[in-house]
Number of protein chains: 2
Amino acid sequence: MEKQTVTIYDVAREAAVSMATVSRVVNGNPNVKPATRKKVLAVIERLDYRPNAVARGLASKRSTTVGVIIPDVTNIYFASLARGIDDIAMMYKYNIILTNSDDAGEQEVNVLNTLMAKQVDGVIFMGNHIDDKLRAEFKRAKAPVVLAGTVDPQGETPSVNIDYAAAVEEAVTALIKRGHEKIAIALGPLSQSINAEYRLAGYKRALNKAKLPYDDKLVYEAGYSYDAGTKLQPVIADSGATAVFVGDDEMAAGIINASVESGISIPDDLEVITSNDTIVTQIARPAITSITQPLYDIGAVAMRMLTKLMNDKELDEKTVTLPYGIVRRGSTKSAE
Amino acid sequence: MEKQTVTIYDVAREAAVSMATVSRVVNGNPNVKPATRKKVLAVIERLDYRPNAVARGLASKRSTTVGVIIPDVTNIYFASLARGIDDIAMMYKYNIILTNSDDAGEQEVNVLNTLMAKQVDGVIFMGNHIDDKLRAEFKRAKAPVVLAGTVDPQGETPSVNIDYAAAVEEAVTALIKRGHEKIAIALGPLSQSINAEYRLAGYKRALNKAKLPYDDKLVYEAGYSYDAGTKLQPVIADSGATAVFVGDDEMAAGIINASVESGISIPDDLEVITSNDTIVTQIARPAITSITQPLYDIGAVAMRMLTKLMNDKELDEKTVTLPYGIVRRGSTKSAE
DNA sequence: TATTTTCATGAAAGCGATTTCAATATCTAT
DNA sequence: ATAGATATTGAAATCGCTTTCATGAAAATA
């Protein structure tokens, strides 16, 4: 009992008009006599006609679908951006093809290619690093690409971010002002530019300005996860650091919980500042002081930029930098 | 400088074969002489030909795309299922069109329809409630639908879940065994069957078996969020309950944090058990005792079922119930 | 009223694949 | 070598819609 699909042709026949006319009313083309429009609409209603988006995509060469590449949907940070992306996409009648890339270069390239094969009108890319291969694919792609919460040091691809380096610098400077001299920094892989070229750079700048020595033994590389944090904690504890800046909220929560469990008091023995201001910072105890980012907006703005690009409009600015802030919570002492 | 796309026709011409043959080699059809295949492959390589998935979809009537409806990507519980879905989908070469529904009936229907218009081969639906309207749409849809982490009391739509009622009953029974007589239960909207017909039912059964009175003043309705939890906490505190079962991890975290802040000790003054075993249960302090669910697998199994359905195969069982467990963490006392 | 313009509409050509069916090759077994 | 079977190919129809172009009708202008 295959369900019968009603096509534009059926509607045309029933309404005694041509397919072209049906197409016009479906697409809101004004060149249709009101009476005709009404007649067609009635038939559409009666037959319960739904235009086939695939056929439409083939004929018009626009799929009203955009691809979204995300490291992992279960990552709250990126998921928050994704929510902003989807809302704006929906507002502009686009659908989202979402694919997890696990932050793996090869997978990212694959995924990008299958997205292009699906004729997406554009792509929003989220990830922690962009290598030459990927950058080349972006250029090669015939649909525009916008980065959300993702830096491209070359600045070639349009992107939306906050000023990570400045934010980290400010956070670390606050720590320094409170008297800390041994400040650790726990990041994701230093092979990723977001860590090496932005966060770490901001950290170094803060030390520099305060004339504090930079010691790479205080720089830790781990994964973006709670478990990575718990595993890293003993190492940090051994370093003698009295404060730590962390690049990921879940990691920070792991460090905090493991610290408390081993008798280290937060913030008295160790102050902790994290990066993303996700809900995790509120759930953890003590709650975690964090750089704040307009998560939803990063996604939303990226999607807005993409819609412009998809309609061949010029971008006001290719690299958008949204404001950040810092909220103090229980994992740091109050400033004197 | 529009990027030129190379079509199957170009390949056919260059390789001096017909489009049909090119199509065959692209699709791995064995009826092609090895020599021809090689020749065509070479041209494909040289021209960097990528089949247009939209055209393919139109011709073959299969889009190798499945729709996924999720209440909110930033909800860790559903995002975890989504991850399982996407992994299996990718394994079977399907892509995912992901859309947020905000758990709103009307929006869900809309989204389902636009997905069908996009000719998805199937859809996986996640949500907290299925009303008649939605159920009717599922039936009407010409692509199969599978529910993941979502109950349909009518059992009409294939689904993957755990036995929520039994799990809650077990959790509450454990509480009762530890001597609690006033046990509160905090759920999402009771208009949703997952809450009213499953969780609450399990709760009642546990009370019944223990011959404890059921008092609807101990039943709380709130949202699935951290803030909802913090707001609900004072109300629960006033009730005099000494334990509470919570239907959502973030809500549980909110209740716990607000309790501790107002001087209530967890688990000494109030024991808390939650439902979803997301990472939140580990981040919170005390860590939260929880029903455990195979989150990833619920999604993965649902997607596996969907692939069968999409290939017109029979399902071994329409309603799959995966095993649950209970992990004790700091928010409850140890059993004596 | 005759002549332009402007509107509405339909015919038909794609869009880039898949797929059926018939035709041609190639292989077997006499 | 030859009929029959089998393996390879290509021609052409389709999928369901958009869009261009031509045409007749209606409205505006002279």
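Every number in this text was worked out from the coordinates using simple rules, so none of it is lab data. As the structure is a prediction and not an experimental result, all values here were calculated from the model. For neighbour counting, all protein chains shown are included, and Cβ atoms are generated from backbone atoms with ideal geometry for every residue, glycine included.
A few points about this structure:
- Gap separating the Cα centres of the range A:176-210 and the range B:3-39, nearest whole Å: 54 Å
- Distance between the range A:287-336 and the range B:118-134 - C-alpha centres, whole angstrom: 33 Å
- Cα gyration tensor category, rounded, prolate or oblate, for chain B with a/c compared to 1.5: prolate
- Look at the alpha carbon pairs under 8 Å that are at least 6 residues apart: their mean separation over the length of chain B gives a relative contact order of 16 percent.
- Only beta bridges with both residues in chain B are counted; by DSSP, about 10 percent of them are antiparallel.
- Amide hydrogen neighbours beyond the local backbone of residue A:63, cut-off 5 Å, H modeled: A:121
- Cβ neighbours within 10 Å from other chains - mean over A:275-286: 5
- Among B:195, B:100, B:27: highest mean-square fluctuation, GNM of chain B, C-alpha pairs under 10 Å: B:27
- With neighbours defined as other Cβ atoms within 10 Å of a residue's Cβ, the residues B:64, A:292 order from fewest to most as A:292, B:64.
- Chain B: angle of helix B:249-261 to the longest principal axis, Cα-based, in degrees nearest 10: 30 degrees
- Per-residue Karplus couplings for the range A:133-144, computed as 6.51 cos²θ - 1.76 cosθ + 1.60 with θ equal to phi - 60°, are listed in order as 4, 5, 4, 5, 5, 4, 5, 5, 4, 8, 10, x Hz, Gly and Pro entered as x.
- For residue B:329, residues with placed amide H under 5 Å, excluding near neighbours: B:289, B:290
- Between copies, the label points at residue A:105 (set 7 angstrom from Cα along Cα-to-Cβ) are spaced 5.2 nm, reported in nanometres from shortest to longest.
- Computed magnitude of the charge dipole of the protein assembly as shown (debye, nearest 20; Cβ of K, R +1, Cβ of D, E -1): 2920 debye
- Close amide H pairs (under 5 Å, H built 1.01 Å from N) link residue B:184 with B:242, B:243, B:244, B:245, residues at least 5 positions away or on another chain.
- Folded to 0 to 90 degrees: helix A:226-239 orientation relative to chain A principal axis, Cα: 20 degrees
- The protein assembly as shown - share of DSSP beta bridges that are antiparallel (%, nearest 5): 10 percent
- The stretch between residue A:264 and residue A:314 holds 12.6 nm of extra length on full extension. This uses 0.36 nm per residue minus the Cα-Cα distance.
- Remark: for residue pairs A:39/A:93; B:93/B:142; B:133/B:209, the C-alpha separation exceeds 28 Å in B:133/B:209.
- For the range B:1-136: relative contact order, % (alpha-carbon pairs under 8 angstrom, 6 or more apart): 24 percent
- Exposure proxy order (Cβ contacts within 10 Å, fewest to most) of B:116, A:19, B:303: A:19, B:116, B:303
- Peptide B:85-96 - average C-beta neighbours from other chains (10 Å radius): 3
- Label geometry 7 Å along the beta-carbon vector: residue A:18 inter-copy distances in nm: 3.2
- Rounded to the nearest 500, the 222 nm mean residue ellipticity of chain B from helices alone is -13500 deg cm²/dmol, with -39,500 (n - 2.57) taken per DSSP H run of at least 4 residues.
- Global geometry of the protein assembly as shown, whether rounded, prolate or oblate, following the gyration tensor of its Cα atoms and the 1.5 cut on a/c: oblate
- Packing-based exposure ordering (other Cβ within 10 Å, fewest first) of A:203, B:9, B:224: B:9, B:224, A:203
- Shape of the range B:73-147 from the C-alpha gyration tensor: oblate (a/c of 1.5 or more and a/b not above b/c, with a ≥ b ≥ c the square roots of its eigenvalues).
- Here residue A:166 and residue A:211 are evaluated by their C-beta separation; at R0 = 25 Å the FRET efficiency comes out at 0.80.
- Along its three principal directions, the equivalent ellipsoid of the range A:125-280 from the Cα gyration tensor extends over semi-axes of 30, 17, 12 Å, largest first.
- Nearest-first distances (nm) between copies at residue B:59, label 7 Å from Cα via Cβ: 1.9
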